[in-house]
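Colleague: This is the structure I want to talk about, given as structure tokens.
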Amino acid sequence: MAQEPEPASLLPRPLLAVALGLPALLAAGVAAVGLFLGAGGKDDPADPSAERSGPVALVPVPAPKAESDECKALLSGLPMQLVSNGTTFPRRELASSAPAGALAWGDAKHEPVVLRCGLDRPADLTPTSELRTISDVDWLVVSEAGSSTWYVVDRPVYVALTVPSDAGTGPLQDISTTIRDTLAKGPVRTTG
């Protein structure tokens, strides 16, 4: 049986090798450039820490006593940093639209700890609410997904401290001490 001749290649072997290798080389180059330029860097919008490195933007909430003498005294007495699970959180700059009576602490790796002073009485505060006392300050805890908001309920103004779930108790203890030393203790008002 006679063998049929092989069809002749349209490209010489060296040129064929280049044509087959070029797409692989191009893909490797694009991947290398992406790694070199730092996908996931500070300017990458998919990087959550990029949002946490600038000023903290706070949603306004009703705080009719935010500019009271009590809130001014408390805000001026609060520490410049808080310690949370061994991590030091410096005081954060607030966005220019931040409401009065607010402060925040944190770093680029964590959600901020946010304090608001002069709020309305929390709706969750009822005669049967379970309160927690820390450093002689009575708090009402309202837990949400990813954080808890602690409301001071035994002082002349209501104060809220929103703490991320991974923050530990350090910030709450530091803030409680400052509140105890700054604001006079009063009765817990569960109505009005």
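The values are calculated or read from the model by the stated rules, or taken from the named source; none is laboratory data. Only a predicted model underlies this, so the values are computations on that prediction, with no experimental measurement involved. All Cβ positions, even for glycine, are placed from backbone atoms using ideal geometry, and neighbour counts span all protein chains on display. Remember, those area values only see protein heavy atoms, side chains included, never the ligands or the DNA or RNA. Shrake-Rupley method; radii C 1.70, N 1.55, O 1.52, S 1.80 Å.
Colleague: Between 99, 90, 127, 112, which is over 19 Å from the mean Cα position of the chain (by Cα) and over 14 Å from residue 178 (Cα atoms)?
Modeller: Going through 99, 90, 127, 112 in turn, just one is over 19 Å from the mean Cα position of the chain (by Cα) and over 14 Å from residue 178 (Cα atoms): 127.
Colleague: May I pose another question? Under 6 Å by Cβ, and 6 or more places apart or on different chains, what pairs join a residue from segment 171-192 that is more than 17 Å from residue 148 (Cβ to Cβ) with one that is among the polar types (S, T, N, Q) and loosely packed, with under 12 Cβ neighbours inside 10 Å?
Modeller: Going by the 6 Å Cβ cut-off, the qualifying pairs are 190/126.
Colleague: When you scan segment 83-134 for strands (runs of 3 or more DSSP E) that lie fully inside it, which ones turn up with 2 or more residues that are within 14 Å of residue 160 (Cβ to Cβ) and in contact with a Lys or Arg (Cβ under 8 Å, 6 or more places away or on another chain)?
Modeller: 102-105, 113-119
Colleague: Looking at this structure, is residue 136 of a type in the set (D, E, K, R) and in contact with a Pro (Cβ under 7 Å, 6 or more places away or on another chain)?
Modeller: Considered against the rule, which asks whether it is of a type in the set (D, E, K, R) and in contact with a Pro (Cβ under 7 Å, 6 or more places away or on another chain), residue 136 comes out as no.
Colleague: May I pose another question? Please specify each residue of segment 146-192 satisfying the condition of being of a type in the set (A, V, I, L, M), at pLDDT 90 or above and under 30 Å from residue 109 (Cβ atoms).
Modeller: Selection gives 152, 159, 160, 161, 163, 172, 175, 179.
Colleague: Quickly run through segment 100-128 and pick out the residues that are open to solvent by 30 Å² or more (accessible area, probe 1.4 Å) and not β-branched (Val, Ile, Thr).
Modeller: Those that are open to solvent by 30 Å² or more (accessible area, probe 1.4 Å) and not β-branched (Val, Ile, Thr): 100, 107, 108, 109, 110, 111, 116, 120, 121, 123, 124, 127.
Colleague: Anything in segment 61-82 that is open to solvent by 80 Å² or more (accessible area, probe 1.4 Å) and not in a loop (DSSP other than H, G, I, E, B)? List them, or say none.
Modeller: Listed by number, the residues that qualify are 69, 72, 76, 81.
Colleague: Now for a separate question. Could you tell me which of the residues 22, 11, 58 is of a type outside the set (Val, Ile, Thr), modelled with pLDDT of 90 or more and surrounded by 10 or more Cβ atoms within 10 Å (Cβ to Cβ)?
Modeller: 58
Colleague: Another question, if that's okay. Of everything in segment 125-145, what is of a type in the set (A, V, I, L, M) and at pLDDT 95 or above? Give them in sequence order.
Modeller: 125, 131, 134, 137, 140, 141, 142
Colleague: Name the residue, out of 138, 154, 174, that is out of contact with any Gly (no Cβ under 9 Å at 6 or more places or on another chain), outside any helix (DSSP H, G or I), of a type in the set (D, E, K, R) and crowded, with 16+ Cβ neighbours inside 10 Å.
Modeller: Selected residue: 138, the only one of 138, 154, 174 that is out of contact with any Gly (no Cβ under 9 Å at 6 or more places or on another chain), outside any helix (DSSP H, G or I), of a type in the set (D, E, K, R) and crowded, with 16+ Cβ neighbours inside 10 Å.
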